[in-house]
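Scroll down for the structure; my scribbles are underneath it.
The values are calculated or read from the model by the stated rules, or taken from the named source; none is laboratory data. Keep in mind that this is a model prediction, so the values were computed, not measured. Reconstructed Cβ throughout: ideal geometry from the backbone, glycine too, with neighbour counts over all protein chains shown.
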Amino acid sequence: MPTAAPSLPREARLPLNRCNLPAVVLGGLTYQAHPVPLELDGVCDFHRDLFVNRLLSVPAHAERAERFVDYMAVRFCLERLEDAGLTAGPAAGRRKKKYRTNANYLRMVRGWSFDSDGREGAVLKHWVETRFGLRARYHAGPLDGSDSDAYQHYLVEGSTGLYATNALEAQLDLLYAYGQYELIESFGERNHLTLYRGINSLDGHEVLQRLDGGRARVLLNNLSSFTSDRERADEFGDYILEVAVPLPKIFFYNRLLPGMLKGEDEYVVIGGVYEVRLSTL
């Protein structure tokens, strides 16, 4: 576990976010060692009916997941988008309508699993930026600055993915809050999960400091995939990145909802500065 506290670099954070801790705190190394719950502004209060009346008295995870999916469908009119103001139009409009009809929280997370550098991945990284103030560092290439081609591509992908959708970011807010509810149900007072990621080397990562014993302090992208299965991680690179991830930094995971992600034991983790251990065994 970290013993010192390098700050989140200025270029990796935004001055404002929409949760109870600023980016410089939740994205720093001290937070990894001593996490506290992260709460998105107003989400649990606004959806109190879900968490207090619909989930609290249900002991089985499968039934809670079913109730959550039903709540999302009703709250956001996911099966009756006309009730949310969606209208048909000419051919171009119908093509947009088809995408907008499918552009819900489930499509975003499944799209991430298929290609984290695609449109859905850009939407999710943008969501992390606005909610937690952690800037994306990579999307189909390093995001070196606002004038770079990669950064402009990222902006276009994110804005296209969000355009004319049905409160998509609010859907993701609730998905995060529900995921945190289920993590507490599963792990109680536990603060961290040890997760793994297969890589070929640290050269493609933003290394802030190298330490003894194969350890390093790195700045992770604002959203990255990990697994709880060490052997599974070994299939994706010559080295294994081992990280103690605070539970509040887990956005979603494959067991949260039935059929949510294709990867077994996949966890999608919010970034910042982490102390990691690199190994080959």
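Pairs are defined by a Cβ separation below 7 Å, a sequence spacing of at least 6 or placement on different chains, a first member in region 38-61 that is surrounded by 18 or more Cβ atoms within 10 Å (Cβ to Cβ), and a second member that is in a loop (DSSP other than H, G, I, E, B) and modelled with pLDDT of 95 or more; the pairs so defined are L38/N20; L38/L21; L40/R18.
Evaluating P248 against the criteria (1) out of contact with any strand residue (DSSP E or B) (no Cβ under 7 Å at 6 or more places or on another chain); (2) surrounded by fewer than 17 Cβ atoms within 10 Å (Cβ to Cβ); (3) closer than 25 Å to L8 by Cα; (4) not small (G, A, S) leaves one unmet condition, (2).
Is there a residue being free of Cβ contacts under 8 Å to residues at least 60 places away in the same chain and either touching a Leu at 6+ places or on another chain (Cβ under 6 Å) or more than 23 Å from G121 (Cβ to Cβ) (or both) anywhere in region 209-217? Within region 209-217, one or more residues are free of Cβ contacts under 8 Å to residues at least 60 places away in the same chain and either touching a Leu at 6+ places or on another chain (Cβ under 6 Å) or more than 23 Å from G121 (Cβ to Cβ) (or both).
Filtered by the rule that a residue be charged (D, E, K, R) and closer than 19 Å to Y176 by Cβ, region 236-264 gives K249, R255. Which of the residues belonging to region 135-159 are under 27 Å from Y71 (Cα atoms) and buried (at least 22 other Cβ atoms within 10 Å of the Cβ)? Once the filter is applied, which keeps residues that are under 27 Å from Y71 (Cα atoms) and buried (at least 22 other Cβ atoms within 10 Å of the Cβ), region 135-159 yields only G158. Looking at region 108-134 only, could you name the residues that are closer than 18 Å to A23 by Cβ and either free of Cβ contacts under 8 Å to residues at least 60 places away in the same chain or surrounded by fewer than 20 Cβ atoms within 10 Å (Cβ to Cβ) (or both)? Correct list: H126, W127, E129, T130.
Going by the conditions given, is R215 surrounded by fewer than 19 Cβ atoms within 10 Å (Cβ to Cβ) and more than 30 Å from N104 (Cα to Cα)? Criteria met by R215. The combined condition, being assigned to a loop (DSSP other than H, G, I, E, B) and not assigned by TED's automatic domain parsing to the domain that holds R131, is not fulfilled by V58.
Candidates Y138, Y176: the one that is closer than 23 Å to E63 by Cβ, among the hydroxyl-bearing types (S, T, Y) and in contact (Cβ under 8 Å) with a residue 24 or more places away in the chain is Y176. Where helices (runs of 4 or more DSSP H) fall wholly inside region 75-185, the ranges with 2 or more residues that are modelled with pLDDT of 95 or more and in contact with a Gly (Cβ under 6 Å, 6 or more places away or on another chain) are 119-132.
Of all residues in region 27-48, those satisfying the criterion of being in a loop (DSSP other than H, G, I, E, B) and not small (G, A, S) are H34, P35, V36, P37, L38, E39, D41, H47.
Candidates in region 261-281 are the residues that are surrounded by 21 or more Cβ atoms within 10 Å (Cβ to Cβ) and not β-branched (V, I, T); of these, the one that is modelled with the lowest pLDDT is L261.
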